[in-house]
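**Q** The following block contains the structure, expressed as structure tokens.
The values are calculated or read from the model by the stated rules, or taken from the named source; none is laboratory data. Since the model is a prediction, treat every value here as computed from it, not as a measurement. Using ideal geometry, Cβ is built from the backbone for each residue, glycine included, and neighbour counts are taken over all protein chains shown.
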Amino acid sequence: MPPARAGGAAAAGTWKLGDLEVNRIGFGAMRLPQTGEALVPHAVPRDRDRAIAVLRRAVELGVNHIDTAAFYFSPLRSANELINRALAPHYDDLVIATKVGPARDVHGRWAEHAGPRELRGQVEENLRQLGRDHLDVVNLRVVGTASLAERFGALAELREAGLIRHLGVSNVRPEQLAEARAIAPVVCVQNPYGIGFHAEQDEFVRHCGEQGIAFVPFYAIAAAARETGTATAAHTDAEEIRSVAEAHGATPAQVRLAWTLHRGPHVLAIPGTGDPVHLDANVAAGALRLSPADLDLLDALHHRPQD
């Protein structure tokens, strides 16, 4: 792997989640509690000291936007509690975003998504694990096309009560975003998106920017492969990505992140890792400037029909 590029998390610029300004390169905590595949029962816990060191290194590199969830855990390890242990003294300088809706039992198996009454318990569990009296950003994770009004309304009540500062939505369609915005302000949308992955969301990405809403793609590096649990990302070894990476002395993963950030100033990145070398490289991607020719090449790949 080539050496990380200089610049730190601030190199990609900033965006505001409501009144909270964040560097556009953040950190996703999903992979932090375990090695190997994430969010599966019987995952192998990651070394605790290593995980804490990665979090502290991220902050040293200027990361001030950390994405987490109470359902990010493995046996012996919880992403929220690792964050609390590593970063609680720095909370005033950080924006911690979490997600509610999905649920896992104590064995790590997925359970039924929370309804309106259960969401308060999920919010309170995040507060307890993180050691906070309020949550900076809470994203309602949605499954399917059904109305989110009742559940989002329950979170809006918790926002009015002071337990939540800002609200977002995750895995949503444009009509669901509109439904949420009719209830309370929305500061971010978290959806799967990357080169060659959900290209049909291009217009939605632009729409979010026009509305002043951050678009926060997940699986931006691993793309469709992350959803299916395979190790190799779709298009990672595509000639177009490799040629751009070689021209810049970068890795394919860095090119993917840089392309994502070029989609608009409102697009944030939350790559996650438990490896300090990968962390440095991910953050350094914020300093990678792609040329118009690079972007034309990668955009053509992005819109190429999938086999």
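**Q** How many residues are within 24 Å of Gly18 (Cα to Cα) and either in contact with a Gly (Cβ under 9 Å, 6 or more places away or on another chain) or outside any helix (DSSP H, G or I) (or both) when one looks only at the range 91-115?
**A** Number satisfying all stated conditions: 9.
**Q** Any residue in the range 31-39 that is more than 23 Å from Leu261 (Cα to Cα), part of a loop (DSSP other than H, G, I, E, B) and free of Cβ contacts under 8 Å to residues at least 24 places away in the same chain?
**A** The answer is yes; a qualifying residue exists.
**Q** Is it true that Glu112 is within 22 Å of Asn282 (Cα to Cα) and without any contact (Cβ under 8 Å) to a residue 24 or more places away in the chain?
**A** On the way: within 22 Å of Asn282 (Cα to Cα): no; without any contact (Cβ under 8 Å) to a residue 24 or more places away in the chain: yes.
When the stated conditions are applied, Glu112 does not pass them.
**Q** Something else now. Scan the range 271-284 for residues that are surrounded by 23 or more Cβ atoms within 10 Å (Cβ to Cβ) and out of contact with any helix residue (DSSP H, G or I) (no Cβ under 8 Å at 6 or more places or on another chain) and jot them down.
**A** Gly272 - this is the single residue of the range 271-284 that is surrounded by 23 or more Cβ atoms within 10 Å (Cβ to Cβ) and out of contact with any helix residue (DSSP H, G or I) (no Cβ under 8 Å at 6 or more places or on another chain).
**Q** Among the candidates Ala245, Ala220, single out the residue that is modelled with pLDDT of 95 or more, in contact with a Ser or Thr (Cβ under 8 Å, 6 or more places away or on another chain) and either small (Gly, Ala, Ser) or part of a loop (DSSP other than H, G, I, E, B) (or both).
**A** Selected residue: Ala245, the only one of Ala245, Ala220 that is modelled with pLDDT of 95 or more, in contact with a Ser or Thr (Cβ under 8 Å, 6 or more places away or on another chain) and either small (Gly, Ala, Ser) or part of a loop (DSSP other than H, G, I, E, B) (or both).
**Q** Select, from Tyr91, Tyr72, the only residue that is within 26 Å of Leu119 (Cβ to Cβ), among the aromatic types (Phe, Trp, Tyr) and at pLDDT 95 or above.
**A** None of the other options fit; the residue is Tyr72.
**Q** Identify all residues within the range 15-46 that are exposed (fewer than 15 other Cβ atoms within 10 Å of the Cβ) and modelled with pLDDT of 95 or more; write none if there are none.
**A** Lys16, Asp19, Glu21
**Q** Name the residue that is surrounded by the most Cβ atoms within 10 Å (Cβ to Cβ), counting only residues in the range 54-65 that are outside any loop (DSSP other than H, G, I, E, B) and not small (Gly, Ala, Ser). If you could, list the steps in order and put the result at the bottom.
**A** Of the range 54-65, the ones outside any loop (DSSP other than H, G, I, E, B) are 54-60, 65.
Adding the requirement that they be not small (Gly, Ala, Ser) leaves 54-57, 59-60, 65.
Numbers: Val54: 23, Leu55: 23, Arg56: 14, Arg57: 16, Val59: 17, Glu60: 11, His65: 30.
The residue in question is His65.
**Q** Taking the conditions exactly as written (in a strand (DSSP E or B) and under 21 Å from Gly131 (Cα atoms)), does Ala86 satisfy them or not?
**A** Against the criterion (in a strand (DSSP E or B) and under 21 Å from Gly131 (Cα atoms)), Ala86 does not qualify.
**Q** I would also like to ask the following. Provide a single number: the residues in the range 248-277 that are in contact (Cβ under 8 Å) with a residue 24 or more places away in the chain and either of a type in the set (Lys, Arg) or in a helix (DSSP H, G or I) (or both).
**A** Qualifying residue count for the region: 13.
**Q** Can you name the condition, by its number, that Ala51 falls short on among (1) without any contact (Cβ under 8 Å) to a residue 40 or more places away in the chain; (2) in a helix (DSSP H, G or I)?
**A** Unmet condition: (1).
**Q** Still on this structure, please answer the following. Do the conditions hold for Glu81, that is, is it in a helix (DSSP H, G or I), of a type in the set (Asp, Glu) and either under 20 Å from the mean Cα position of the chain (by Cα) or buried (at least 17 other Cβ atoms within 10 Å of the Cβ) (or both)?
**A** So Glu81 fits the description; yes.
**Q** Another one. Cβ contacts < 8 Å: first residue on the phi > 0 side of the Ramachandran plot, restricted to the range 159-186; second residue not acidic (Asp, Glu), any location; separation 6+ or different chain. Result?
**A** Matching pairs, first to second residue: Gly162/His134; Asn171/Arg141; Asn171/Val142; Asn171/Val143; Asn171/Gln190; Asn171/Asn191; Asn171/Pro192.
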